[in-house]
Structures are given as structure tokens and as C-alpha cells.
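First comes the structure, then the notes that go with it.
The values are calculated or read from the model by the stated rules, or taken from the named source; none is laboratory data. Just so you know, these numbers come straight off a predicted model, no measurement behind them. Virtual Cβ from ideal backbone geometry, glycine too; neighbours counted across all protein chains shown.
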Amino acid sequence: MKLSVIKERDDYIELIVKDEDQSVLDALSEILQKMQGVEYAGQVLLHPLTGEIRFIVKTKSQELKVRDAILKALEELADMTERLRLYVEGL
């Protein structure tokens, strides 16, 4: 995965993500959208041949810094993945 920061403030970040499946960012944005203090989280595939995805997160900076929100969402996604792995192994 390659990340490029396009814009960043305490309450906003815009990234270009390369070499990653869109479904991973879709899951991450879904977790972010459910978090208190997050106003917007979403993604768009810029072009199918380049595989570049624009990922944007906007928070209420008084409640939650954007980087903190992303890190917290990544931890939750990792926990969900681990629980799923353990469940599947138990089948």
C-alpha cells in the first residue's frame, strides 16, 4: 500500500491510496462513519486502471482529531478481523 497525503488539518485528511483493495478502505470508512465526532468518511476510485483511491475523513476537531479517529478505526478493524479469523478456525 502506498499513501500520499493531499491535504491535512486537525479535522480533515485527504489521501491517495495506491495498491490496496477498495474493500479494505470501504470497511474502514464504515467504521469511521459510526464513530462519535466523525462527520464524513468516504472513498472514491479515481480510475480503475491506475487503482488510485481518494480517501477522505472529516471530524469535529473539538471532539476528535482526524488522525486519532483513523488510528482508532484501524484498531477496531484489526480486532474485527482477528475475531473473524478465530471464528473461522473454530468451524
Practice problem: Enumerate the pairs (first residue in the range 54-65 and farther than 12 Å from E14 by Cα; second residue anywhere and of a type in the set (S, T, N, Q) and in a strand (DSSP E or B)) with beta-carbon separation below 9 Å, excluding pairs fewer than 6 apart on the same chain, so at least 6 apart or on different chains. | Solution: K65/T59
Exercise. Name the single residue, out of those in the range 22-35 being at pLDDT 95 or above and among the polar types (S, T, N, Q), that is nearest to E63 (Cα to Cα).
Key: Q33
Quiz item: Here are some residues: E20, E63. Which one is in contact with a Gly (Cβ under 6 Å, 6 or more places away or on another chain), in a loop (DSSP other than H, G, I, E, B) and surrounded by fewer than 17 Cβ atoms within 10 Å (Cβ to Cβ)?
Solution: E63
Quiz item: Do we find a residue being aromatic (F, W, Y), surrounded by 15 or more Cβ atoms within 10 Å (Cβ to Cβ) and either within 15 Å of the chain's Cα centre (by Cα) or assigned to a helix (DSSP H, G or I) (or both) anywhere in the range 26-41?
Solution: no
Exercise. Among the residues of the range 42-54, write down those that are part of a loop (DSSP other than H, G, I, E, B) and either closer than 24 Å to L84 by Cβ or β-branched (V, I, T) (or both).
Key: T50
Quiz item: Within the range 49-58, can one find any residue that is farther than 19 Å from M1 by Cα, surrounded by 11 or more Cβ atoms within 10 Å (Cβ to Cβ) and modelled with pLDDT of 95 or more?
Solution: yes
Practice problem: Report yes if some residue within the range 5-14 is aromatic (F, W, Y) and in a strand (DSSP E or B); otherwise report no. | Solution: yes
